[in-house]
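Step one of this worksheet: look at the structure below.
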Amino acid sequence: GANVELVTRTIGQAQLIREQGLLFTAGAESVNNSNKDIFKVTPVVLCFEEAAASAEAVKETAELPDMILLMLKQTSITEELAAAMKVQLRKPGSKLVCFQNGIGHIELLQRYIPQEQLLVAVTTEGALKHSPHHVEHTGRGMTWIGDDKSGIQAINDNTLVKKFKKLMFDAGFTVNLSNNITSKVWNKLLINAVINPITAILQVRNGLLPELPASYVLMRTLFDEGVMLADELDIELAPDLWEQLLDVCRRTANNQSSMLQDVLSKRQTENDAITGGLLARARGTEVVMPTHNTMYHLLRSIEQQWETI
Ligand SMILES: NC(=O)C1=CN([C@@H]2O[C@H](COP(=O)(O)OP(=O)(O)OC[C@H]3O[C@@H](n4cnc5c(N)ncnc54)[C@H](OP(=O)(O)O)[C@@H]3O)[C@@H](O)[C@H]2O)C=CC1
Ligand SMILES: CC(C)(CO)C(=O)C(=O)O
């Protein structure tokens, strides 16, 4: 095994998990779907400030983490967080694995953390936080990790990465290495940039999108604009990405997309990292993305209504 520490944002959540444990339920398609068990685990829990202070205080870098799995939304990746990560990643060879959807965060993190310590993860696993100490594994998937600069062999030979893969495998998760993680990131980015904004604006579940003739047209238009940009940037996409996208709608038909959940809870969405991420990459190219631009501004208008309340 490995020593694992869970880091929460608030002290309240850390205390709750220390007192009551972390409840883990398995949804219908989860790894542990045989009996829909509820597992209770009692990890070591620190809040963000505690973790940052304890890393600052450490003199021997051997006591610092080997690997940090960053599973926050893009909206939580701030300069302050990146600076704190830098302090926690002083152990030579340690790695930060970034699980976010969307793009833009790696550029921010690279301003603080050397590129060779950053790994990008793309996952199709599904998780849903029901309460501050209850999480459901809503769907089985696959996780890809990589970094396009080092190449697959270097990652494959990395002892830490090997150990991480084994630990994940033993826990029931499949982790593969990718020699083109940018392509994996963009496949997911285009899927999210089609499904998330439309579901969030129309307030419908994923399954309805391809069923409504008008939203089907909108989906295809957003998809085609995204493909044009990827072509312009020489980013390889899966040849059957459109079919994959329709399949995601079918497989997650009853899900509310993460962006719809954010809108319903009046939380800031990942619009800047998903649709905004595409628009930022299109700037300075010949590609125009009028439909993504409209979706971006519609979502910002929704968010700005709460910001001004
Ligand atoms: N959920 C899923 O199935 C999938 C999610 N993703 C991507 O993964 C990322 C995370 O998504 P998801 O887990 O759903 O998001 P959630 O909002 O459910 O969870 C993120 C957690 O991060 C916590 N957090 C925020 N800031 C800090 C901090 N500084 N220190 C410690 N904890 C912090 C939040 O705490 P608090 O609630 O207190 O703010 C929250 O509990 C997103 O980019 C998403 O797009 C990718 C694939 C699948
Ligand atoms: C694939 C999809 C759209 C599934 O709901 C998702 O990743 C999300 O909701 O953010």
(request) Report the one residue of Ser301, Ala280, Pro239 whose Cα lies farthest in the direction of the positive end of the charge dipole of region 182-307 (charges on C-beta: Lys and Arg +1, Asp and Glu -1; origin at the Cα centre). (result) Ser301
(request) Calculate how steeply helix 48-57 sits against the longest principal axis of the alpha-carbon atoms of the chain, using the helix alpha-carbon long axis, and give the answer as 0 to 90 degrees to the nearest 10. (result) 40 degrees
(request) Show that you can apply the helix-only estimate: for the chain, add -39,500 (n - 2.57) for every DSSP H stretch of four or more residues, divide by all residues, and state [θ] at 222 nm to the nearest 500. (result) -14000 deg cm²/dmol
(request) Roll a 1.4 Å probe over the protein chains and send me the accessible area per residue for region 5-179 in Å². (result) 54 Å²
(message) Can you return the lysines within cross-link range of Lys266? Criterion is Cα-Cα under 29 Å, with same-chain partners fewer than 8 residues away left out.
(response) Lys73, Lys129, Lys188
(message) Out of the GluC sites (Glu not before Pro) in region 248-309, which ones are loop residues according to DSSP with at most 15 other C-beta atoms within 10 Å?
(response) Glu286
(request) Using a 1.4 Å probe and counting only protein heavy atoms, arrange Thr124, Thr75, Thr308, Thr269 so the residue with the most accessible area comes first. (result) Thr308, Thr124, Thr75, Thr269
(request) Summarise the accessible area of the chain (1.4 Å probe, protein heavy atoms) by the percent that is carbon and sulfur. (result) 53 percent
(message) Only four residue types carry charge here, +1 at the Cβ of Lys and Arg and -1 at the Cβ of Asp and Glu. Report the dipole size of the chain about the Cα centre in Debye, rounded to the nearest 20.
(response) 620 debye
(message) To the nearest 20 Debye, how big is the dipole of region 85-213 about its Cα centre, given +1 on the beta carbon of each Lys and Arg and -1 on that of each Asp and Glu?
(response) 420 debye
(request) Kindly express, to the nearest 10 degrees and within the range 0 to 90, the angle between helix 11-20's C-alpha long axis and the longest C-alpha principal axis of the chain. (result) 70 degrees
(request) Enter the angle in degrees (range 0 to 90, nearest 10) between the Cα long axis of helix 79-88 and the first principal axis of the Cα atoms of the chain, meaning the one along which they spread out most. (result) 30 degrees
(request) Specify which residue in the list Val44, Ser76, Val175 is farthest towards the positive end of the charge dipole of region 5-179, using unit charges on the beta carbon of Lys, Arg (+1) and Asp, Glu (-1), about the Cα centre. (result) Val175
(request) Round to a whole angstrom and tell me the spacing of the C-alpha centers of region 48-114 and region 192-269. (result) 30 Å
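How much accessible area per residue does region 182-307 have, counting only protein heavy atoms and a probe of 1.4 Å, in square angstrom?
48 Å²
The values are calculated or read from the model by the stated rules, or taken from the named source; none is laboratory data. Keep in mind the model is a prediction, meaning the values are calculated, not measured. Every residue, glycine among them, receives a Cβ derived from its backbone with ideal geometry; neighbour counts consider all protein chains shown. Remember, those area values only see protein heavy atoms, side chains included, never the ligands or the DNA or RNA. Shrake-Rupley method; radii C 1.70, N 1.55, O 1.52, S 1.80 Å.
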